[in-house]
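A quick write-up on the structure given underneath.
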Amino acid sequence: MTDARWSEVEGDLAAACRHFDFAARPFDAGGFEVAGLDGYRARMGFQHAMHAAHTSLEGALVRILEILGEEVPVGRSWHGDLLKRASKPLRIARHDRPAILTPDVARDAAETRRFRHRADRDHDSFIPERSPPSVEAARRLARTLGPCIDAVRERIDPPEAPRPG
């Protein structure tokens with residue numbers, strides 16, 4: 001590792017993968033239709049886990065852009081712009097980098113962003129039957145996000161060669 005800030009990226013990635021994995025479990029357990037505290041706990045626990053997972057993913061991407069000296073997107077659409085930028089190579093004056101996210105990972109991240117947006121805007125209108133695409137994206141991200149970022153890290157910030165002893 002040539003930049004110590006990768007340790008924070010690793011922390012965000014570990015959190016994202018853990019939350020994506022654990023978000024799928026309460027969804028599988030169901031209980032969303034149950035009245036009272038148990039149903040509330042099921043609905044809110046699932047939505048919060050998905051929210052935390054995607055927010056951690058964004059945190060990792062922001063940190064990577066900072067390591068690379070790129071400006072982080074700003075404005076009302078910065079969340080979507082962040083995923084779009086991370087999904088394609090960037091070639092501008094004195095800055096050339098590959099896409100940070102593979103097309104499959106980017107597609108899944110876009111799906112979990114859509115879920116987070118809906119959950120943020122209207123917790124009380126949660127419709128579990130509309131969630132399977134987001135849950136499946138979360139399951140895949142739990143497995144694929146880490147290796148995706150590891151691969152791009154090897155390209156943009158490879159480890160230094162060991163010094164001869």
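Given the condition in contact (Cβ under 8 Å) with a residue 40 or more places away in the chain and either of a type in the set (S, T, N, Q) or assigned to a helix (DSSP H, G or I) (or both), answer yes or no: does some residue in the stretch 71-93 qualify? Looking for residues that are in contact (Cβ under 8 Å) with a residue 40 or more places away in the chain and either of a type in the set (S, T, N, Q) or assigned to a helix (DSSP H, G or I) (or both), one finds none in the stretch 71-93, hence no.
Does any residue of the stretch 101-110 turn out to be farther than 20 Å from residue 24 by Cβ and touching a strand residue (DSSP E or B) at 6+ places or on another chain (Cβ under 8 Å)? So far as the stretch 101-110 goes, no, none of its residues is farther than 20 Å from residue 24 by Cβ and touching a strand residue (DSSP E or B) at 6+ places or on another chain (Cβ under 8 Å).
Sort out which residues of the stretch 9-54 are closer than 30 Å to residue 157 by Cβ, loosely packed, with under 15 Cβ neighbours inside 10 Å and at pLDDT below 95, and write them in order of number. None; the set is empty.
Selection of the stretch 110-154 for residues being among the polar types (S, T, N, Q) and free of Cβ contacts under 8 Å to residues at least 60 places away in the same chain yields 125, 144.
If you check residue 27 against the conditions, is it within 19 Å of residue 119 (Cβ to Cβ), out of contact with any Asp or Glu (no Cβ under 6 Å at 6 or more places or on another chain), in a loop (DSSP other than H, G, I, E, B) and not acidic (Asp, Glu)?
So residue 27 fails the test.
Within the stretch 24-40, residues that are under 22 Å from residue 138 (Cα atoms) sit with their Cβ atoms under 9 Å from residues that are in a loop (DSSP other than H, G, I, E, B) and charged (D, E, K, R), at 6+ positions apart or across chains, in these pairs: 39/33. Scanning the stretch 135-150 turns up no residue that is in a helix (DSSP H, G or I), surrounded by 14 or more Cβ atoms within 10 Å (Cβ to Cβ) and modelled with pLDDT under 95.
The values are calculated or read from the model by the stated rules, or taken from the named source; none is laboratory data. Quantities reported herein were computed from a predicted structural model and do not represent experimental measurements. We place every Cβ from the backbone using ideal geometry, glycine too, and count neighbours over all the protein chains shown.
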